[in-house]
Amino acid sequence: MRPAGRRTESAPASEAGEEEAFAVAVIDGLSAAQKTLPCRYLYDERGSELFEQITALPEYYPTRTETAILEAHVAEIAGDSGAGQVLVEFGSGSSRKTEILLEAMPDIVAYIPIDVSDSALDEARCRLAARFPELDIRPIHGDFSGEVTLPADLHFSRKIGFFPGSTIGNLDRGEARGLLKSFRKILSPHGRLIVGVDLLKSEETLRLAYDDPTGVTAAFNLNIVTRINQAFGQAFALDAFRHEARLNRQEGRIEMHLVSTRDQSVDLLGYRFTFRRGETIHTENSHKYTIDGFRTLARSAGWLPERAWTDADGLFSVHELTSVRPGAD
Ligand code: SAH
Ligand code: AVI
């Protein structure tokens, strides 16, 4: 992973590696029986902008609800942060919720936002540096599910992890368990993790949140195809795909798909991918949990669930986890 805090270095080798990894993911995903693309590729500069627009939609309840929970319980959530601690955020995006925590944690010495979106990291770093001039901000550009190496000089500092937004819901349950385990190692010893988790709710609320009438979520979903076109040539006709949000009750998740509106073939990276009318590319899962369901998952990953906070309507939850067996597998 490439540190993005000091943006003086350019890393062509790493960028070439990233492009190759993207190409491999596209070829693998579009070759599968159910075509798929990894949802982290939704977040280039445009994708991050569109996600920010989503967070402001009246239909997209998670952001405002989680923000309100954090504001209402910040003193408890911040806990006894103690001097010299480091805040590590996974999938930090705009880092707006982080500001709530940082205000209540004046003793945090360093903040490490980790994100695949360079533009989001940059914007957040500039804004936070202006608001918290004493804070040492060390962004890491990369995939939080890959190998994450924190700066060596912070190795022995106590760490608090922050994983808001229900980004954990974008992984299936097995992957989420693996990710929670790996976060425990990253934050060890004696790590503490604050995780935002979206809750199961009515079909209507979920559908509207993931298929808003103004079409921002549709644009966010379609942007993954635009990104492929920009990286590898204008292979996809954008008007030949439409956004669809599907509720998968059995898996307890809402899925985003891009539906082919006609029979077509797409020539890309030396391959020909054929689509029947109605066939889809599955671009994202967003799993929803019950409070107990998430606590069970956390326990299975070696975390001890402590407090959980929710809103009056039971839409969203914020969990405090502590490390049971520091550093253990
Ligand atoms: N934490 C913010 C943003 C959530 S959107 C909030 O709560 O509003 C999800 C964020 O995670 C995006 O900024 C996206 O770029 C990032 N992201 C998604 N998958 C990632 C991955 N595998 N590794 C690192 N960042 C990832
Ligand atoms: C970042 N992630 C938790 C969002 C979600 O709700 O699954 C991404 C998103 N997809 C569609 N709208 C928002």
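The values are calculated or read from the model by the stated rules, or taken from the named source; none is laboratory data. These numbers come from a predicted model, not from an experiment. Reconstructed Cβ throughout: ideal geometry from the backbone, glycine too, with neighbour counts over all protein chains shown. Protein only, heavy atoms only, side chains kept; ligands, DNA and RNA dropped before computing areas. Shrake-Rupley method; radii C 1.70, N 1.55, O 1.52, S 1.80 Å.
One residue stands out among those in segment 150-181 that are within 16 Å of ligand 2 (Cβ to nearest atom) and among the hydroxyl-bearing types (Ser, Thr, Tyr): the one that is farthest from Asp198 (Cα to Cα), which is Thr167.
Under the condition of being in contact with a helix residue (DSSP H, G or I) (Cβ under 9 Å, 6 or more places away or on another chain) and more than 12 Å from Glu89 (Cα to Cα), the residues counted in segment 159-174 number 6. Taking the criterion of being at pLDDT 95 or above, assigned to a loop (DSSP other than H, G, I, E, B) and of a type in the set (Lys, Arg), the only residue of segment 125-176 that qualifies is Arg138. Residues that are touching a residue at least 40 places away in the same chain (Cβ under 8 Å), hydroxyl-bearing (Ser, Thr, Tyr) and within 16 Å of ligand 2 (Cβ to nearest atom) within segment 100-149 comprise Ser117, Ser119, listed in sequence order.
Pull up segment 234-259, narrow it to residues that are of a type in the set (A, V, I, L, M, F, W, C) and buried (at least 20 other Cβ atoms within 10 Å of the Cβ), then point me to the one that is farthest from His287 (Cα to Cα).
Going residue by residue through segment 234-259, those that are of a type in the set (A, V, I, L, M, F, W, C) are 235-238, 240-241, 245, 247, 254, 256, 258-259.
Filter once more, keeping what is buried (at least 20 other Cβ atoms within 10 Å of the Cβ): 236, 241, 245, 254, 256, 258.
Working: Phe236: 28, Phe241: 24, Ala245: 13, Ile254: 7, Met256: 11, Leu258: 18 Å.
Applying the filter and picking the extreme gives Phe236.
State whether the residues of segment 130-139 include one that is on the phi > 0 side of the Ramachandran plot, open to solvent by less than 40 Å² (accessible area, probe 1.4 Å) and of a type outside the set (Ser, Thr, Tyr).
So far as segment 130-139 goes, no, none of its residues is on the phi > 0 side of the Ramachandran plot, open to solvent by less than 40 Å² (accessible area, probe 1.4 Å) and of a type outside the set (Ser, Thr, Tyr).
Under the condition of being part of a loop (DSSP other than H, G, I, E, B) and open to solvent by less than 40 Å² (accessible area, probe 1.4 Å), which residue from segment 195-224 is farthest from ligand 1 (Cβ to nearest atom)? So that I can check it myself, show each step before the final result.
If we filter segment 195-224 for residues that are part of a loop (DSSP other than H, G, I, E, B), which is where we start, we get 200-202, 211-215.
Now narrow it down to the ones that are open to solvent by less than 40 Å² (accessible area, probe 1.4 Å): 212, 215.
Values: Asp212: 16, Gly215: 19 Å.
Checking each candidate, the answer is Gly215.
Has segment 240-255 got any residue that is more than 17 Å from Phe183 (Cβ to Cβ), among the acidic types (Asp, Glu), in a loop (DSSP other than H, G, I, E, B) and modelled with pLDDT of 95 or more? Even if it seems obvious, please write down each step before you answer.
Kept after step one, since they are more than 17 Å from Phe183 (Cβ to Cβ), are these residues of segment 240-255: 240-255.
Restricting the remaining residues to those that are among the acidic types (Asp, Glu) gives 244, 251, 255.
Then keep just the ones that are in a loop (DSSP other than H, G, I, E, B); that gives 251.
Cutting the leftovers down to modelled with pLDDT of 95 or more gives us 251.
So far as segment 240-255 goes, yes, one or more of its residues are more than 17 Å from Phe183 (Cβ to Cβ), among the acidic types (Asp, Glu), in a loop (DSSP other than H, G, I, E, B) and modelled with pLDDT of 95 or more.
When the test is whether a residue is among the small types (Gly, Ala, Ser) and open to solvent by 60 Å² or more (accessible area, probe 1.4 Å), Ser119 does not pass it.
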